[in-house]
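The values are calculated or read from the model by the stated rules, or taken from the named source; none is laboratory data. What you see is a predicted model, and the numbers here were worked out from it, not measured in a lab. Don't worry about glycine lacking a Cβ; one is built from the backbone with ideal geometry, like all the others, and counts go over all protein chains shown. Note: accessible area is taken over every heavy atom of the protein model, side chains too, but ligands, DNA and RNA are not part of it. Shrake-Rupley method; radii C 1.70, N 1.55, O 1.52, S 1.80 Å.
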Amino acid sequence: MLLLLLGIIVLHISVLVLLFVSTIVSQWLVGNGHRADLWLNCTIPVYQFRCITSSTNEWLQSVQALMILSIIFSVISLFMFFCQLFTLTKGGRFYLTGIFQILAGLCVMSGAAIFTVRHTDWHPSTDNASFGFAYILSWVAFPLAILSGVIYVILRKRE
Amino acid sequence: MGIPANAGRAKPFLFSVLMSTMVLTPTLAIKVYTANEIHGTVGSKIKLSCSFWSNEWISDDISITWHFQPERGKDSISIFHYAKGQHYIDNVGSFKERIEWIGDPHWKDGSIIIHDLEYTDNGTYTCDVKNPPDIVGRTSQVTLYVFENVPVRYGQVLGAIIGGVLAVVLVVLLIAYLIRYCWLRRQATLQRRLSAMEKGKLRLGKDSSKRRHQTPVLYAMLDHSRLTKSSEKKSRGGLGDSRKDKK
């Protein structure tokens, strides 16, 4: 039981870490001497980084919003889990925790999907940029979040 | 302070009064406030707000002037003037019949509205207020940008989405809890009734002679209270309830 509990918490925290990293790290798009994320557009010249704030495109803003929302939901879910761990009656299911975690997963999914489809709107497609690791991490975070959410819903509280 | 030592008693008093009036009547100039930058769309109207602060009373000689300097022009032209309770609007230039006066000097407001925006309205608008004798002070400038569609500002959509989704989740949670609460309460009352029935049944075992002629009363009551659990339970146990009600 303790092992299961530990495993769930580790899974949840790793989802959170993935979400944070993919939201913050400037590696969503990498090209020759150029990289961009949700917040900054950086070029790598000879001397130093030069970054400008990303465009105010509506779709980019919605990707930003969805990533932040997924972090918020995941944090709420972790919080709920600890609350429910102590308050839930024996045999109860962690519905609330699971729902929030699944919501976080859905947010990441829609954010990454929008980014995939719409990134040419604010990023010139001329310089053949490819998706960076932060983008991949966000796609990895999606199934993990859904998985941990489903585990929460299936799980029954024992003593 | 330069007061002669041999001056009379009244003299320093007079001097101090003079000094205090000079201090208390601040030499602060009139202050005019406008926004820094405003965005408008072609064809719509936009309000150029201008407020001011003056330490003097608002005199009848107050004048408010709006100047306009086109984006690539050097000269600024007057497009609006208010003086002695009258307002004068540009009726020859490019703003002909497009300016509306909505300010009120007594409320320290010198705002105007420009209707039917055009691209040529791009430029700097200067609000200039003089409230004699308070005439020293800077004017305030606002730059107008006319767009086809006003561009989305940074964080606007972001905030809207985050706020909206969080609000929706909160409302859904609230409704879910309310429904669950109501359901639990109904369940609790049902439980109470059932337990009351059980008690009644136990007591009924002793005096089962009354059972026969009380049954019709029981049925009537059950129809009324819509207990849709297992029907046999009702017919068996409800009797006690009716008995209890009677007591």
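For the range B:61-126, the alpha-carbon coordinates run over 34, 23, 20 Å along the three principal axes, in decreasing order.
Accessible area per residue (1.4 Å probe, heavy atoms of protein chains only) ranks B:His39, A:His34 as B:His39, A:His34, with the largest value leading. With each label modelled as a point 7 angstrom along the Cα→C-beta vector, the A:Arg118-A:Leu3 pair spans 4.6 nm.
Of A:Lys90/B:Lys201; B:Lys74/B:Lys108; A:Lys157/B:Lys201; B:Lys47/B:Lys108; A:Lys90/B:Lys199; B:Lys31/B:Lys96, which pairs sit farther than 26 Å apart, going by alpha carbon to alpha carbon? In this structure, A:Lys90/B:Lys201; B:Lys74/B:Lys108; A:Lys157/B:Lys201; A:Lys90/B:Lys199; B:Lys31/B:Lys96 exceed 26 Å between Cα atoms.
Which FRET efficiency value, to the nearest 0.05, do you get for B:Glu97 and B:Gln156 by plugging their Cβ-Cβ distance into 1/(1 + (r/R0)^6) with R0 = 45 Å? Please list the in-between numbers first.
Details: r = 34 Å, r/R0 = 0.75.
It comes out at approximately 0.85.
Here the spin labels are modelled as points 7 Å beyond Cα on the Cα-Cβ line, and at B:Gln86 and B:Ala167 they lie 5.0 nm apart.
Note on B:Thr41/B:Ser195: beta-carbon distance plugged into 1/(1 + (r/R0)^6) with R0 of 51 Å gives a FRET efficiency of 0.15.
Treating the angle as unsigned and between 0 and 90°, give the value, to the nearest 10°, between the Cα long axis of helix A:133-154 and the longest Cα principal axis of chain A. Roughly 10 degrees, rounded to the nearest 10.
An ellipsoid equivalent to chain A, defined through the eigenvalues of its Cα gyration tensor, has semi-axes of 37, 14, 12 Å when rounded to whole angstrom and sorted largest first. Between A:His34 and B:Leu202, the FRET efficiency estimated from the beta carbon spacing at R0 = 60 angstrom works out to 0.10.
With 0.36 nm allotted per residue and the present C-alpha distance subtracted, the B:Ala176-B:Asp61 stretch has 35.0 nm of extension available.
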